[in-house]
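Below: one structure in structure tokens.
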């Protein structure tokens with residue numbers, strides 16, 4: 001499901017929350033060119049934490065990576081000594097007054113296909129709270145999510 005980086009994300013509506021400014025990141029499609037380039041290793045580590053602990057899991061089916069040249073299989077990430085699927089769900093990253101919404105596959109796109117997200121997203125990943133922390137759980141609750149524990 002392609003959406004341009006920094007487009008308005010309009011799929012979240014919870015009457016209990018304040019109006020949220022949400023922007024899309026990393027909703028890539030093979031038919032649309034994307035920005036490539038190096039990204040910091042420290043960014044990779046923090047992004048991995050978001051991707052293995054995404055806020056919305058079990059979305060509409062499984063998404064196969066269109067850029068991999070192999071048969072469609074589940075895309076997984078190594079987290080410690082276990083494999084975690086990243087082909088289903090979303091991550092939400094706090095950028096102060098903006099929430100960046102990306103597919104959990106964004107880590108795969110960055111590390112395997114050279115995708116370089118906008119600097120403001122990289123900054124938000126580097127400076128914002130990580131999933132599983134008290135600060136992130138407080139944000140999730142404020143955003144109207146029911147689950148704030150790590151997966």
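Of all the strands (runs of 3 or more DSSP E) wholly in the stretch 81-151, which have at least 2 residues that are under 22 Å from residue 19 (Cβ atoms)?
Numbers: elements: 82-85, 90-94, 99-103.
Filter on the stretch 81-151 gives 90-94, 99-103.
Among 23, 16, 74, which is the only one that is modelled with pLDDT under 75, in contact with a strand residue (DSSP E or B) (Cβ under 7 Å, 6 or more places away or on another chain) and either within 22 Å of residue 121 (Cα to Cα) or not in a helix (DSSP H, G or I) (or both)? Break it down into steps so the answer makes sense when it comes.
Working: 23 fails: modelled with pLDDT under 75; 16 fails: in contact with a strand residue (DSSP E or B) (Cβ under 7 Å, 6 or more places away or on another chain).
Of the residues listed, the single one that is modelled with pLDDT under 75, in contact with a strand residue (DSSP E or B) (Cβ under 7 Å, 6 or more places away or on another chain) and either within 22 Å of residue 121 (Cα to Cα) or not in a helix (DSSP H, G or I) (or both) is 74.
Do we find that residue 91 is at pLDDT below 95 and in contact with a strand residue (DSSP E or B) (Cβ under 6 Å, 6 or more places away or on another chain) in this structure?
On the way: at pLDDT below 95: yes; in contact with a strand residue (DSSP E or B) (Cβ under 6 Å, 6 or more places away or on another chain): yes.
Considered against the rule, which asks whether it is at pLDDT below 95 and in contact with a strand residue (DSSP E or B) (Cβ under 6 Å, 6 or more places away or on another chain), residue 91 comes out as yes.
While we're looking at this one, here's another question. Of everything in the stretch 90-121, what is closer than 13 Å to residue 26 by Cα, touching a helix residue (DSSP H, G or I) at 6+ places or on another chain (Cβ under 9 Å) and surrounded by fewer than 20 Cβ atoms within 10 Å (Cβ to Cβ)? Give them in sequence order.
Of everything in the stretch 90-121, those that are closer than 13 Å to residue 26 by Cα, touching a helix residue (DSSP H, G or I) at 6+ places or on another chain (Cβ under 9 Å) and surrounded by fewer than 20 Cβ atoms within 10 Å (Cβ to Cβ) turn out to be 111, 116.
The values are calculated or read from the model by the stated rules, or taken from the named source; none is laboratory data. What you see is a predicted model; the values in this text were computed from it and never measured. In this analysis, Cβ positions are derived from the backbone assuming ideal geometry, glycine residues included, and neighbour counts consider all displayed protein chains.
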